[in-house]
Every structure is written in structure tokens, then in C-alpha cells.
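What follows is one structure encoded as C-alpha cells, with my remarks underneath.
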Amino acid sequence: MTGNETVLEDDTIADALSNIYNDTKNQFVIIFDEWDYPIREFSEDCQERIDYIEFLRRLFKNSDAKEYIRLAYLTGIMPVVRTKGQSAVNNFVEYTMTNSMDLTQDIGFTEGESQSLCEKFDVDFDQMKEWYNGYY
């Protein structure tokens, strides 16, 4: 590459992110809402599902990913996805609402916050707790 040709037209997204990082030393935050949808909803032999899993593998499991990705925030269910005898997406630290580790203060709602929201939107707090299996 020469000059300002950091990203070429035929670069994969992983190549583009790596090239931009190499030029700028700025890392990326990647956010996928409901990232698991294609894996859960498409059949195993569906080409879109296969392509999506390959996209995830190229984006997150290549050798440069740890350099250019500062944070990947993915919402959804953590499905076990195996292709070619190994897990396709397994290099994450999983933080959940019930096991949020050091992020507890930053995700979810406290009971007090939940009570306040219920009052604000005229929702019965005890009923809300029941809907969310006891709410913790």
C-alpha cells in the first residue's frame, strides 16, 4: 500500500480494520445487537448462516484481532457453534446479567432503579419481578 490507500476495495472487513489500526494505532469498538440471530434462526446448511459464521471467524479469530479490537460488545444468546471440528467463535470473555463480574456496576439495573422505573411508567414492581423470574 502506498499513500492513503489504507483500505482497498477488495479488503475483508478484518483486513480493513487491521490496516486502519496499523496506520492510526486507534482500536475499534464493535457492537452487534442480536449477533446470534442467524445462527439460531437459519438451518445449518443455509449459505447465509455459513457465510455469517465465516465472517465472525475472520473478524474475531484472526491473529490481528487482539490488536485492532478494543472491545466487542455482542448482545444475544451464546450459542455453541462448531465448524470443521472446532468452535467458530470461542475467544470471548462472556459477561452476563447473572455473572457480570467486574462490570456489575455498569450493566443491568439495580433494584432501586427498577422500582423507580416501574413507578415512572406505572408498572407493578412485584409483577415485573415475577416476569423476570424473581429479578436480581
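The values are calculated or read from the model by the stated rules, or taken from the named source; none is laboratory data. Since we're looking at a predicted model, the values are computed, not measured.
Figures for the structure shown
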| item | result |
| --- | --- |
| Matching helices (runs of 4 or more DSSP H) fully within region 26-136 where at least 2 residues are acidic (D, E) and at pLDDT 75 or above | 47-60, 111-120, 125-131 |
| Subset of region 14-65 that is within 16 Å of the chain's Cα centre (by Cα) and among the β-branched types (V, I, T) - its residue that is nearest to I77 (Cα to Cα) | I39 |
| Residues that are among the polar types (S, T, N, Q) and part of a helix (DSSP H, G or I), drawn from region 1-25 | S18, N19, N22, T24 |
